[in-house]
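Here's the structure we're looking at; comments come further down.
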Amino acid sequence: MKSRTLRAVALVAGASLALVTAGCSAGSASDDGSTTISFLSWTGQEQMKPILEAFHEEHPEVTVKASYSPPVAEYIQTLQTRVLSGTAPDVFVIAAENKTNLIDSGAVIDLADEPFMDGVQEFNLDTYGRDGARYGLSLSSWAAGYAYNKDMLAEVGYDGIPETWDEFLKMLKALKDAGHTPFLESVDQLPTTVSAMLGAKTSEMEPSLDEQIFSGDSTFEDEWTPILEEYNKLFTEDLVSSDVVALDGDQVRDEFANERVAIINAGPWIINAVQEANPELNWAFGQVPGLADGKPYQAGAAAPGYAISAKSDEAKQKAAKTFLGWLASEDGVEMFHEATNDVTVTENFEPQVNPVFESMVEPIRGGELYLPMISWQRKEDLLNVEVVAQIQRMIQGQISAEEVAAALDAKLAGS
């Protein structure tokens with residue numbers, strides 16, 4: 001997932017609890033008329049703390065009691081546990097992996113008529129909406145592709161990521177022969193490469209790939225197997241070690257920042273950390289190469305949205321709307337962009353994007369983004385867990401690409 005969320009939207013911080021300001025009771029309203037609301041964030045504490053402090057300075061009548069859980073799986077599980085136990089936070093993240101459950105269970109309120117939803121792109125509103133209702137305030141979109149070391153690529157005769165997958169594999173072989181670790185991709189979530197290749201495929205289909213699968217007109221096995229077979233060439237041709245299953249996104253990022261790998265899967269959330277670790281690194285981003293019958297593309301989606309709990313009382317919902325209204329303000333959007341490098345999509349602020357990410361901006365603003373979990377029509381949480389587990393098995397040589405896809409068909413069918 002962001003993160004996000006396939007971080008998407010996806011910034012990781014250790015689970016912790018922090019009071020932004022002190023002195024207010026946990027009830028709906030204190031004697032002085034102020035209100036305390038709870039907020040479960042998957043943007044890390046380091047990024048959110050100054051944003052929350054700025055909000056409280058402008059709105060001292062609202063105190064935000066913030067807790068943090070890292071995306072994606074841990075956040076989804078933490079939130080689900082709290083929702084089911086009747087202790088849902090007043091404000092929390094609605095994401096690709098949990099939106100269906102939250103909407104179907106009536107856990108979130110409709111924000112369609114709130115003024116702070118004005119000026120947000122329809123793409124983002126639709127992502128977390130249904131039948132005219134809007135359940136999440138999504139202020140940015142993200143894309144993930146490949147971050148690459150320009151100097152390493154230049155050593156083997158390339159000035160960027162090739163447009164075709166065959167040429168990309170050829171380049172990885174050249175990088176390996178030159179003594180470099182050519183490529184690493186974190187696979188603790190659905191791989192960026194797979195999502196982007198599926199995105200390129202569905203962009204040329206009518207009805208879409210997912211509409212055909214979920215209507216029963218096609219299957220994961222038919223649609224996914226060829227793409228998974230191409231992806232698995234990274235491992236069957238010994239270009240990437242199967243040990244990558246033990247690495248998370250932060251570890252892959254650090255290998256890149258320290259110039260121990262030429263190319264990684266990545267999104268804008270790595271930019272600050274990489275540039276702080278290695279200010280002299282000569283690097284940029286590119287799209288995932290296209291297959292023979294496809295085109296370069298990128299994984300991505302509307303960033304996870306902020307939702308308000310339907311179980312919160314009237315005073316807390318009112319305070320929560322004040323909080324969301326400030327997050328959607330020019331000051332709030334600007335601060336969030338500076339903290340995360342997400343490409344914001346509101347009319348009141350146009351972000352200045354870091355030059356290393358410039359090539360990805362036009363596809364983001366054009367909505368040329370795809371994330372399976374956003375497009376899956378049901379069971380997206382179960383399918384997400386299944387696909388990550390099965391792809392890791394494939395990488396380790398335990399099952400075939402076809403068996404990965406067949407397992408998704410079985411999960412969708414309920415077995």
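Taken together, the values in this text are just the output of simple stated rules run on the coordinates, not laboratory data. Just so we're clear, the structure is a prediction, and the values are computed from it rather than from any experiment. As a convention, Cβ positions derive from the backbone with ideal geometry for all residues, glycine included, and neighbour counts pool all protein chains shown.
Structure summary
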item: 5 Å binning of all Cα-Cα separations within segment 320-359, expressed as whole percents from 0 upward; result: 6, 25, 30, 21, 11, 4, 3, 1
item: Entries of K150/K176; K321/K379; K65/K316; K99/K379 with Cα pairs more than 18 Å apart; result: K321/K379
item: Cleavage-rule hits, GluC sites (Glu not before Pro), segment 138-221, DSSP coil, Cβ neighbours within 10 Å at most 16; result: E163, E204
item: Interchain or long-range residues, amide H under 5 Å from T181's placed H; result: A262
item: Kirkwood Rh and Cα Rg combined as Rg/Rh, segment 206-275; result: 1.14
item: Normalised alpha carbon radius of gyration of segment 117-251 [divisor 2.2 N^0.38 Å]; result: 1.30
item: Whole-Hz couplings from phi, Karplus 6.51/-1.76/1.60, listed for segment 249-259; x for Gly and Pro; result: x, 5, 5, 4, 4, 5, 4, 5, 4, 8, 6
item: Helix-only mean residue ellipticity at 222 nm for the chain, each DSSP H run of n ≥ 4 adding -39500 (n - 2.57), per residue, nearest 500; result: -12500 deg cm²/dmol
item: Quarter of the Cα convex hull surface for segment 217-360, i.e. its orientation-mean projected area (nm²); result: 13.6
item: Estimated FRET transfer efficiency when R0 is 25 angstrom, pair D110-D313 (beta carbons, to 0.05); result: 0.90
item: Fully extended contour minus Cα-Cα distance, from E229 to E403, at 0.36 nm per residue; result: 61.6 nm
item: Tensor-based shape of segment 360-415 (alpha-carbon gyration tensor, a/c under 1.5 rounded, otherwise prolate or oblate); result: oblate
item: Pairs of Cα atoms farther than 23 Å apart, segment 295-394, %; result: 48
item: Overall Cα dimensions of the chain, principal axis frame, Å, largest first; result: 70, 51, 34
item: Cα extents of segment 94-157 along the three principal axes, largest first (Å); result: 55, 26, 15
item: 10 Å binning of all Cα-Cα separations within segment 28-172, expressed as whole percents from 0 upward; result: 9, 28, 29, 16, 12, 4, 1
item: Simple Cβ-charge dipole of segment 265-415, Lys/Arg +1 and Asp/Glu -1, about Cα centre, in debye nearest 20; result: 620
item: Debye log10 I(q)/I(0) at q = 0.18, 0.20, 0.25 Å⁻¹ for segment 153-205, Cα point scatterers; result: -0.71, -0.82, -1.02
